[in-house]
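Have a look at the structure below before the remarks.
No lab work stands behind these numbers, since they all come straight from the coordinates. This one's a predicted model, so the numbers in the text were calculated from it and none came from an experiment. All Cβ positions, even for glycine, are placed from backbone atoms using ideal geometry, and neighbour counts span all protein chains on display.
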Amino acid sequence: MGRNTVHFKCHHCDHCCRDVVCLPTPWDVLRIALTTGQDPHDFLEFLTPDEITGVAKNDPAWLLAGGQKHMMALRRTAKRGCHFLDRKTGFCGIYDARPILCRLYPFKLQETRDGDFRGFTLHKDVGCPRHRDGVYDTGPLYDLYLNDRMHHEDYDTMVEAFNRKDRPGREPQEFLDLFIEVVVEG
């Protein structure tokens, strides 16, 4: 199943919580809402292609609302970072319920030319300092990766249905209403 260890140790610099845009899966949103009791409208936002780097312009997760592309993300501010970053402790306030993307960060999946899983390495295109003074067992990340893949298929299906009905004046928040309805009905 590929390499099972990577030289890495998190030093809790909070880069991932301050500077990385987190794109949650439907099940991430449900888990966060159930854990925190917060309405997803309070912790999600919609970003345009100019506000996100590293997401291809043709990615199927882009929402069309009023003729413009948007991507659903955890709400964040330039000063504070992620909505769930605890300002007092500097740690994630929803650590046990955090999104899959946060659980995988800063690791990058490596695949063979045939698309088969090869292992994980540290992602080179992210701002994480990537301290290498520890050894991290990436074995459990494979299950998260499979989970993430499955959930992205669910999300892409919802986005595709939403995008087919685009019209002038439509707001991306309408997707969130549909999204909540679909996820809650399960």
Among 63, 74, 146, which one shows the highest mean-square fluctuation when the chain is modelled as a Gaussian network with alpha-carbon springs under 10 Å? 146
Please state, rounded to one decimal and in Å, the Kirkwood hydrodynamic radius that the stretch 64-186 gives when every pair of distinct Cα atoms enters the mean of 1/r. 17.4
Computed helical MRE - 222 nm, the chain, DSSP H runs ≥ 4 contributing -39500 (n - 2.57), nearest 500: -10000 deg cm²/dmol
Relative to the longest principal axis of the chain, what angle (0 to 90°, nearest 10) does the C-alpha long axis of helix 139-163 take? 20
Label-point gap, in nm, between residue 137 and residue 111 - each point 7 angstrom along Cα→Cβ: 2.7
Run the quick spin-label model on residue 36 and residue 4: label points 7 Å from Cα toward the beta carbon, then report their separation in nm to one decimal. 3.5
Compute the long axis of helix 26-36 from its Cα atoms, compare it with the longest principal axis of the Cα atoms of the chain, and write down the angle in degrees, 0 to 90, nearest 10. 80
Report the residue, chosen from 55, 29, 21, that carries the largest GNM mean-square fluctuation when the chain is represented by alpha-carbon nodes joined by springs under 10 Å. 55
Hey, rough spin-label estimate for residue 78 and residue 103, points 7 angstrom out along Cα→Cβ, what's it come to in nanometres? 3.4
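At a threshold of 8 angstrom on Cα-Cα distance, excluding pairs fewer than six apart, so keeping six or more, what relative contact order does the chain reach in percent? Could you put the intermediate results ahead of the total?
Working: 256 pairs, mean separation 69.1, N = 186.
Normalised by residue count, the contact order of the chain is 37 percent.
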Where trypsin sites (Lys or Arg not before Pro) fall in DSSP loop in the stretch 94-137, at most 11 other Cβ within 10 Å: 113, 124
Determine Rg/Rh for the stretch 17-81; Rg is computed over alpha-carbon atoms and Rh is the Kirkwood hydrodynamic estimate from the same atoms. 0.97
Top positive-direction residue, dipole computed over the stretch 5-180 with Cβ charges, set 140, 95, 15: 15
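DSSP loop trypsin sites (Lys or Arg not before Pro) in the stretch 1-51 with at most 14 other Cβ atoms within 10 Å of their Cβ, which ones? Write out the running numbers ahead of the final one.
Values: sites: 3, 9, 18, 31; in loops: 9.
Listed in order of number, the matching sites are 9.
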So if I place +1 on the C-beta of Lys and Arg and -1 on the C-beta of Asp and Glu, and nothing else carries charge, what would the dipole magnitude of the stretch 46-107 be about its Cα centre? I want it in debye, nearest 20. 260
Once both axes come from the Cα atoms, what is the angle between helix 173-185 and the longest principal axis of the chain, in degrees from 0 to 90, rounded to 10? 70
About the Cα centre of the stretch 5-180, what is the dipole size in debye to 20, counting +1 per Lys and Arg Cβ and -1 per Asp and Glu Cβ, all else neutral? 580
